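Everything below concerns the one structure shown next.
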Amino acid sequence: MKNIVLHKAETRGHANHGWLQSYHTFSFANYHNAERMSFGVLRVLNDDTVAPGMGFGTHPHQNMEIISIPLEGDLEHKDSMGNTTAIHYGDVQVMSAGTGVQHSEFNRNKESQVKFLQIWIIPNKENVTPRYDQISLDKKDRLNTFQQILSPNPNDEGVWIHQNAWFHLANFENDFSSEYQIKSKGNGLYIFNLKGNILVGDQELTTRDGLGIWNISEITIKANSDSEFLLMEVPLDLPK
């Protein structure tokens, strides 16, 4: 029997820092909800908007897989591994923090804001050598299909992380439906609906709603309007 947990958009934590508007699906910083600590190894799902000319100063991370998915605008990245780059809509960025890394993220554009998803995954290996990767994807490859953007395999499509997880992005046209198959038995699936209206099984999701599902081997997703969403298949058991 499948199990679900529904997180409506308006129930998320919210932090207004002036230069940053951040919506937290799970407990983060000053937002604490004992019932929303994580979905398995999916620890953080932040929906961030950064004001023009502003950003996150240099700060450290350790033993976490950090994924950034830009939704609008350009975000400049600098880190202690020597990387200086910018990520744009259509890119996916990943850092394995491992033994420790420091980085900053800035919106260098003085005219427009940046929107991006910041996602943290608890790794299945600690104290690895820190690493950085960034790829650009063809957005046409997610029209009415699941475009894989992350996996555990360095030779597979998308970026990779130290965890038995798969991410897909999809743009479904109105009335299109498709079935997602769980890749690793026992994994759960967290769907974050970026825009539009979708039906996951018999559960409707509107813009910025999230839904966790487990005890399934497959699930049908149908678009009730032109929609864009992110699928995150992750282990439910936390590393020992």
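Between H88, H32, H77, the Cα set farthest toward the positive side of the dipole of segment 29-90 (charges on each charged residue's Cβ, about the Cα centre) is that of H32. Using C-alpha pairs under 8 Å with a sequence gap of at least 6, the mean separation divided by the residue count of segment 113-240 gives a relative contact order of 26 percent. Taking amide H as placed 1.01 Å from N in the peptide plane, Q163 has its amide H under 5 Å from the amide H of N124, each at least 5 places away in sequence or on another chain.
The tail of the calculated P(r) for the chain beyond 22 Å holds 52 percent of all Cα-Cα pairs. Under 5 Å between amide hydrogens, built in the peptide plane, is the criterion, and for N197 it picks out N224, S225 among residues at least 5 positions away or on other chains. Distance distribution P(r), segment 65-205, all Cα-Cα pairs, bin width 10 angstrom from 0: 10, 38, 35, 15, 2 percent.
Taking amide H as placed 1.01 Å from N in the peptide plane, T145 has its amide H under 5 Å from the amide H of N171, each at least 5 places away in sequence or on another chain. Based on every Cα atom in segment 156-240, Rg and the maximum pairwise Cα distance Dmax equal 12.9, 43 Å. Legend: P(r) of segment 142-197 from all alpha carbon pair distances, 5 Å bins from 0, whole percents, reading 4, 17, 25, 26, 16, 9, 3, 0. Averaged per residue, the chain has 45 square angstrom of accessible surface, using a 1.4 angstrom probe with ligands and nucleic acids left out. Computed from point charges on the beta carbon alone (+1 for Lys and Arg, -1 for Asp and Glu), the dipole magnitude for segment 194-240 about its Cα centre is near 120 Debye.
Ordering 188-196, 85-93, 68-76, 9-17 by mean Cβ neighbour count within 10 Å, with the highest value first, yields 188-196, 68-76, 85-93, 9-17. Restricting attention to the chain, lysine pairs at least eight places apart or on different chains and with alpha-carbon atoms under 19 angstrom apart total 15.
Per-peptide packing, taken as the mean over residues of other Cβ atoms within 10 Å, places 156-169, 226-239, 23-36, 131-144 in the sequence 156-169, 226-239, 23-36, 131-144 from highest down. Taking the accessible area of the chain, probe 1.4 Å, and keeping the other protein chains in place, the carbon and sulfur fraction comes to 46%. Charges were assigned to the Cβ only: +1 to each Lys and Arg, -1 to each Asp and Glu. The resulting dipole of the chain about its Cα centre is roughly 500 debye.
The values are calculated or read from the model by the stated rules, or taken from the named source; none is laboratory data. Computed from a predicted structure; not experimentally measured. Using ideal geometry, Cβ is built from the backbone for each residue, glycine included, and neighbour counts are taken over all protein chains shown. Remember, those area values only see protein heavy atoms, side chains included, never the ligands or the DNA or RNA. Shrake-Rupley method; radii C 1.70, N 1.55, O 1.52, S 1.80 Å.
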